[in-house]
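Input: a single structure, listed below in structure tokens.
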Amino acid sequence: MFGKSLIEALRLILQADTALANVIAVSLQVVGISLVIASALGIPLGIFLGLKRFVGKRLVIALLYTGMGFPPVVVGLFVYMLLSRSGPLGQLGSPLVPALYSTGAMIMAQIIISFPLVAGFTMAAVLGLDSHLRLQLHALGATSWQALWTMLVEARVGVLIAVIAGFGSIISEVGAVMMVGGNIEGSTRTLTTAIVLETRKGEFSMAMALGLILLLISFIANAAMLRLQGKALDQ
Amino acid sequence: MSELLYRATNLTKRYEERTVVDVASLEIERGEILALVGPSGAGKSTLLRLLALLEAPTSGSLQFQGVEVAMGGARPSLAMRRQLTMVFQRPLLLNRNVTANIEYGLRLRGLKAKERVAQVLEQLGLTDLARANARNLSGGEAQRVSLARAMVLETPILLLDEPTANLDPYNVSLIENAIRSINQQRAATVVIVTHNVFQARRLAHRTALLLDGHLVETLPTEAFFNAPDDARTAAFVRGDMVY
Amino acid sequence: MRKLSVLIVCVLLLSLGLSACSPAAPAETAVPESAAEPTKAPAADAEPTKDLPQHTAGRLILATTTSTQDSGLLDDILPDFEKEFGVKVDVIAVGSGEAMRLGQAGDADVLLVHSPKAEKEYMDGGHGTRREDVMYNDFVIIGPADDPVGIKGMSVADALRMLADSGAEFLSRADKSGTNAKEIALWEANGIDPNSAFIVKTGLGMGDLLTMAQEKQAYTLSDRATYLSRVKGGLDLVVLVEGDKALFNPYGVITVNPEKNDMIQADLATKFVDWIISVPVQEKISQYGVEEYGGALFTPDSALWRESKGQ
């Protein structure tokens, strides 16, 4: 059974099946865009939370930690209800609001899922820096932005782990993308929803083959990100 | 030696309910080496950070080169801040190699003075460590790099917080020589915080005693050690201060 | 995802020749147990012993379709079986395809499915020991109330051709489920390519598909039970085509061939089949939904039932 799946996986990859290529492309597109946006929002927030003191900070952090462990399906449900024809955003009919059962809706859900992880781990990485470091950088003549950038570079290992954690949370996610994407062949079907579908169809070796491809993509992506931080880890 | 660099009047710094610094009057002249001595917890480091324009005073007045920078005054400009460099007690080195650490302040200013870097490395005995990662240095090496990182900027003012704490005699004299030479060759103003009265005596033109945030007195070093006005200074110099 | 990983673990372990799925194996606790909790305890059996009887003989794994589970029928009838035989029935609700695959792998004891063609193949393959008719329900073609294509009241054949000609979006489950098998059979019987562009292949379960149809105001094929239960929940799509013989949907019960492994509860499975085709249970099936939806969701159709009715 397992061997058969392996062979099937290899066959699928070698055949360069267009349907499979499409599923992979949708997965990469959705995860990639989500991760870029979640990082663009989450890294600055994490740095901000790690450095600034303000009223209500504890509440924000508690919310963030809750978000880190929040079930993706609930996020999916939330986005579904927002974008539904009868939902607050869906009713607007604005071109800025992604349509339900589109990759836009999936990206929206995945941003909400991965953003707290990126922000939370970034915050932890920044908190791990010496509390006097920022003052020392200022004392060496750094502007606020230069100091911030240096701190980010100093915390790079932790920040990359934050991005990897965000990536991990959405590449393997299935509940939310199924709910708001609809698993439509050729448009919103991702590797994970395809795996669920093949399993439900009883096509276990096909499902396993897709699982192996997912594993491979995840491995390549993580290895690439590790390469980025490799220098920092080696030292 | 008569240009006034700093003038602090009724300068205080409070953290929540605790007053850490409460200095009635302090003047620092350009080109001098001033030592701030006192027991730990006296507020020396906090005062140094105020002088470094890194923190805002809670009340009182602080004039830097005639410009008010305390409450109600101007926010210290970048140009103003870049006239001084402060070295923290702990060597807060960046996770890079020694050379990159020393070049850091220069890069912030868009400079790349290779010769100056080489010279400072040489002066502090770091040439062999130029390529080593800062993470793998010993305590003494790290402290020297931290000082080199500040010295290479050649700012007119250098503020040093316990630059030789926990170092062996060889490293202590290496660093003290470096401080003396930048004061003599470039006429740089140096404010050095130390708990070691002998170091103050070796280096400083004037010495000030800080106790519980209050400045007891500021005297020429010779007078500070031999004929202090205040009995507490005499006791501190003798080493029988209870703290 | 968890269900999937449990499956993968089981498959892995089986392939290694280990007995991972013994009745007490902790891995199996991940199997959905919703049906094991009696929701409506019959009034006559209001005994203090809320849990299962003392002589717990084991548990029966029933693999069935999501539409069966979603209809609520199992919650209604299974507690009687559990009480009578002192067993726990674990319901795994999946697509018909997966249900039969589970049977084929020996991971289920008994199957309740609705995909006659696939059922026949399953029996011919020697994966089951006995198949009985149980009941049928019917499918309905539903769509937006304003019915832009205008298929209301048509025969199935005319309606499908109209849909194909109009190019209006028709949502398909495309998941090899019994409903999907029925849909494909209907397209093919009417000379329409099931891969036509107007057929949106979603890969969703019936409930999710109805949600999507609602949002997109699209046409689709649904079993009546799931459709009615969703109408109660606010679905505003309407039945456009119904009652056609081509839309009938027969359910069969199959005992899994016990030779697959020695954990299969063949004895219990047989008891379950005898029980579900018995006249009293068939009677109960015929009553299910009358109170709640104002009409029966299933029509009993076992050989014993037909006999008792003199058909």
| task | Kindly indicate whether B:HIS214 is open to solvent by 80 Å² or more (accessible area, probe 1.4 Å), at pLDDT 90 or above and within 27 Å of B:TYR15 (Cβ to Cβ). | result | yes
| said: Suppose the filter is crowded, with 22+ Cβ neighbours inside 10 Å and within 12 Å of chain B (Cβ to nearest Cβ); does A:ALA176 pass it? | reply: no
| Residues that are among the charged types (D, E, K, R), open to solvent by 30 Å² or more (accessible area, probe 1.4 Å) and assigned to a strand (DSSP E or B), drawn from the stretch C:124-153 | C:ARG130, C:ARG131, C:GLU132, C:ASP133
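Listed here are the residues, each with its yes/no results for (1) within 12 Å of chain A (Cβ to nearest Cβ); (2) polar (S, T, N, Q); (3) in contact with a helix residue (DSSP H, G or I) (Cβ under 7 Å, 6 or more places away or on another chain).
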position: C:PHE85; (1), (2), (3): no, no, yes
position: C:ARG101; (1), (2), (3): yes, no, yes
position: C:ALA108; (1), (2), (3): yes, no, yes
position: C:LEU112; (1), (2), (3): no, no, yes
position: C:LYS117; (1), (2), (3): no, no, yes
position: C:GLY125; (1), (2), (3): no, no, no
| With (1) in contact with a Ser or Thr (Cβ under 8 Å, 6 or more places away or on another chain); (2) open to solvent by 40 Å² or more (accessible area, probe 1.4 Å); (3) modelled with pLDDT under 90 as the list, and A:LEU228 as the residue in question, which single condition is left unmet? | (1)
| request: Look through B:LEU108, B:LEU124 and report the one residue that is over 20 Å from the mean Cα position of the chain (by Cα) and open to solvent by less than 60 Å² (accessible area, probe 1.4 Å). | output: B:LEU108
| Taking A:ILE213 and the conditions (1) within 14 Å of chain C (Cβ to nearest Cβ); (2) open to solvent by less than 20 Å² (accessible area, probe 1.4 Å), which numbered condition does it fall short on, given that it satisfies the others? | (1)
| said: So, A:SER94, is that one outside any helix (DSSP H, G or I) and hydroxyl-bearing (Ser, Thr, Tyr) or not? | reply: yes
| note | If we keep only residues of the stretch A:179-202 that are of a type in the set (Gly, Ala, Ser) and open to solvent by less than 10 Å² (accessible area, probe 1.4 Å), then the residue nearest to the other protein chains (Cβ to nearest Cβ) is A:GLY202
| query | With respect to A:ALA124, is the statement that it is more than 13 Å from chain B (Cβ to nearest Cβ) and either over 23 Å from B:PHE88 (Cβ atoms) or open to solvent by less than 40 Å² (accessible area, probe 1.4 Å) (or both) true? | reply | yes
| Name the pairs: first residue in the stretch A:110-123 and more than 12 Å from A:VAL163 (Cβ to Cβ), second residue among the hydrophobic types (A, V, I, L, M, F, W, C) and not in a helix (DSSP H, G or I), Cβ to Cβ under 9 Å, at least 6 apart or on different chains? | A:ILE112/A:PHE70; A:ILE113/A:PHE70; A:PRO116/A:PHE70
| field | Among (1) outside the structural domain of C:ILE276 (by TED's automatic domain parsing); (2) surrounded by 24 or more Cβ atoms within 10 Å (Cβ to Cβ) - the single one C:ALA99 does not satisfy | value | (1)
| field | Which listed residue is surrounded by 18 or more Cβ atoms within 10 Å (Cβ to Cβ) and farther than 24 Å from B:ARG81 by Cβ, from B:GLN199, B:GLN184, B:GLN143 | value | B:GLN199
| query | So B:VAL98 clears everything in (1) buried (at least 23 other Cβ atoms within 10 Å of the Cβ); (2) out of contact with any strand residue (DSSP E or B) (no Cβ under 6 Å at 6 or more places or on another chain); (3) within 11 Å of chain A (Cβ to nearest Cβ) except one condition, right? Which one? | reply | (3)
| query | Which ranges mark the strands (runs of 3 or more DSSP E) fully within the stretch C:201-311 that have 2 or more residues being in the same structural domain as C:THR68 (by TED's automatic domain parsing)? | reply | C:248-256
| Residues satisfying the stated conditions in the stretch C:181-204, i.e. open to solvent by less than 10 Å² (accessible area, probe 1.4 Å) and in contact with a Gly (Cβ under 9 Å, 6 or more places away or on another chain) | C:THR202, C:GLY203, C:LEU204
| field | helices (runs of 4 or more DSSP H) wholly inside the stretch B:40-158 that include at least 3 residues being not aliphatic (A, V, I, L, M) | value | B:44-51, B:98-108, B:114-123, B:139-151
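The values are calculated or read from the model by the stated rules, or taken from the named source; none is laboratory data. What you see is a predicted model; the values in this text were computed from it and never measured. Neighbour counts are summed over all protein chains in view; Cβ atoms, including those assigned to glycine, are modelled from backbone coordinates with ideal geometry. To get the accessible areas, we keep the full protein, side chains included, count just its heavy atoms, and leave off ligands, DNA and RNA. Shrake-Rupley method; radii C 1.70, N 1.55, O 1.52, S 1.80 Å.
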